[in-house]
């Protein structure tokens, strides 16, 4: 496989050479074309080089050879027709354009050139017909562009209205179906989006971009194996498709095939136009796999390739084991003075410097950088709203759970771990996953997805979530539970139980207990100053918008405690609350309590949790590979003078 990427890299180098020595590039490219005629990138460069040296007959020969290897290559057919027309080979141009208009009738520029070609040979009737087609299709395409522009600016009603009007004009027009798929996905109708994308691929199977979009849609709706299958189809048609390899690596990661993802990224490093970004992705996979030395090397290489990419510095800082040198800190501080630095890189560099100074116990400078990073990030969150649990506490009552206890799925397999982020949920997962009867998975978002779909359905039914649950039949509830179990199945390894560890699922315990009345739920808590500070000094790639402001962290914590109090009151003795501090201070006794609740025997491997070499894809991936240590309980105290906004909000909920 690396031979392919070496070849792509070789062609990329010839592309650079062509800017100042076209003849030399042409000489080196010719044998590549003969050996690899289906390499579209090489063929395009071959044509471009003959354009540079103004050799029309050679251009025609190149394009014909290209089309012999790839008969449905739109760009090649149209370029051929344009050269033929320019060289007054009108009959040849007409032949090429008729072929193009048959394959791509939506190509209005092809119809226009066809009209001109017919007119050049005095075939007025065909010229007029072709021009009429051009006018019709150009008008259609202009309306489609307007619909796409409406979608891009958030005017979804206009986009939907115009798209449906266009579909009445041309049934199953693939570009219109693409737009409708985008609309469906935006509004949460994932099944419709997938169906429409698949339909587009059936209509235009030779257009790789449609298949790429299909794979990305499948990925977005968490159908990772199907997404991988779809992107492999792209690579079956075009083995040189770089974007497809990047998507393939993303799918492999989600399917926990980490070494396979590493292999893809290592190959991409040879030829990707943004090698620094590939090194970042490679480093993060190494981190998940528990190979920090390789992760460090990848992140440092990313910095060498692009010193202004802030993500690399944060990734190094977030490794926990890495310490920035004085020279690196000085260089990083200088980078912050660059006015053209992107906002995202500036934020990440401040987070990295916060960690660098924290490691030096310079708490004042550390907090200054953490504070700046969080203030800059919080300004970007224009739609943040504090959480509200009224609808949950009003709807989910003890009486509700009595009435629905027999409606849900009977499975006892799921073990849900919830809590505030950065409170020890990954640690608990690591301990449980060492048990012979428990599978680890990853941070699953399927419960959240089900909740969102129900909220969409509620809007249509003129009600709200979670009230819509009261309208569901036992069959409908069972179907949602089966949907969840089917989603998890590829991630399991055959044990009787599995872990779903997503801290924010504490919002959805009512839904979880509706679907799975027998599910076990473990609530992991930590001193709110410790978890709050840990949140504030961490950058999250997505979600946790509350974490960039100390007051909001405190309010969110209070919301969490209040909602968990409600769950305990309406689901008595069904939720186990464990304190992180108890795990640190008395691990055997605390774990004995956990496994008594799970109705399983405590196994020694669970206490020796740090020996588990499984992949961990969360921010705590390194901590859970180390023994417990007391100092983790007090990290926040060095910053105590700066944490008044948090302390004032959470004081009533401090752990005694």
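Per-structure values
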{"item": "Hull-based mean projected area of the stretch 287-379, where the convex hull spans the alpha carbons, in square nanometres", "result": "6.0"}
{"item": "Inter-centroid distance (Cα atoms) of the stretch 466-545 relative to the stretch 69-87, Å", "result": "54"}
{"item": "Most to least packed among 398-404, 433-439 [average Cβ atoms within 10 Å]", "result": "433-439, 398-404"}
{"item": "Fully extended contour minus Cα-Cα distance, from residue 630 to residue 138, at 0.36 nm per residue", "result": "170.1 nm"}
{"item": "Theoretical ellipticity at 222 nm over the chain - DSSP helices of four or more residues, -39500 (n - 2.57) apiece, nearest 500", "result": "-20000 deg cm²/dmol"}
{"item": "Between the stretch 269-317 and the stretch 12-40, the Cα center-to-center distance that results, in Å", "result": "30"}
{"item": "Computed over the stretch 390-653: relative contact order in percent, which uses C-alpha pairs under 8 Å that are six or more apart", "result": "29"}
{"item": "The stretch 129-160-the stretch 386-456 distance, computed between alpha-carbon centres (Å)", "result": "45"}
{"item": "Spread of Cα-to-Cα distances over 10 Å intervals beginning at zero, given as percent, for the stretch 327-415", "result": "14, 27, 16, 12, 18, 11, 2"}
{"item": "Share of Cα-Cα pairs in the stretch 390-653 lying beyond 24 Å, as whole percent", "result": "49"}
{"item": "Antiparallel DSSP beta bridges within the chain, percent to nearest 5", "result": "0"}
{"item": "Spin-label pair residue 648/residue 586, simplified geometry with 7 Å Cα→Cβ offset, distance in nm", "result": "3.7"}
{"item": "Stretch gain in nm, segment residue 380-residue 406, where the contour uses 0.36 nm per residue and the Cα spacing is subtracted", "result": "4.8 nm"}
{"item": "Nearest-ten-degree value, helix 108-120 long axis tilted from longest Cα axis of the chain", "result": "0"}
{"item": "Relative contact order, percent, the stretch 287-379 [alpha-carbon distance under 8 Å, six or more residues apart]", "result": "25"}
{"item": "Pairwise Cα inverse-distance average, inverted: Kirkwood Rh of the chain (Å)", "result": "28.5"}
{"item": "Longest to shortest principal axis, alpha-carbon extents of the stretch 186-324, angstrom", "result": "54, 30, 27"}
{"item": "Helix 275-288 axis, angle to the chain major axis (alpha carbon atoms, nearest 10°)", "result": "30"}
{"item": "Coarse-grained scattering of the stretch 1-103 at q = 0.12, 0.22 Å⁻¹, given as base-10 log I(q)/I(0) from a Debye sum over alpha-carbon atoms", "result": "-0.40, -1.12"}
{"item": "Acute angle (nearest 10 degrees) that the helix 174-186 long axis makes with the longest principal axis of the chain, alpha-carbon atoms", "result": "10"}
{"item": "Mean separation of Cα contacts under 8 Å (6+ apart) over length of the chain, as relative contact order %", "result": "10"}
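Where a number appears in this text, it was derived from the coordinates with a stated rule and is not lab data. Because the structure is predicted, anything quoted here is derived from the model rather than measured. With ideal geometry, Cβ positions are generated from the backbone for all residues, glycine too; neighbour counts draw on all protein chains shown.
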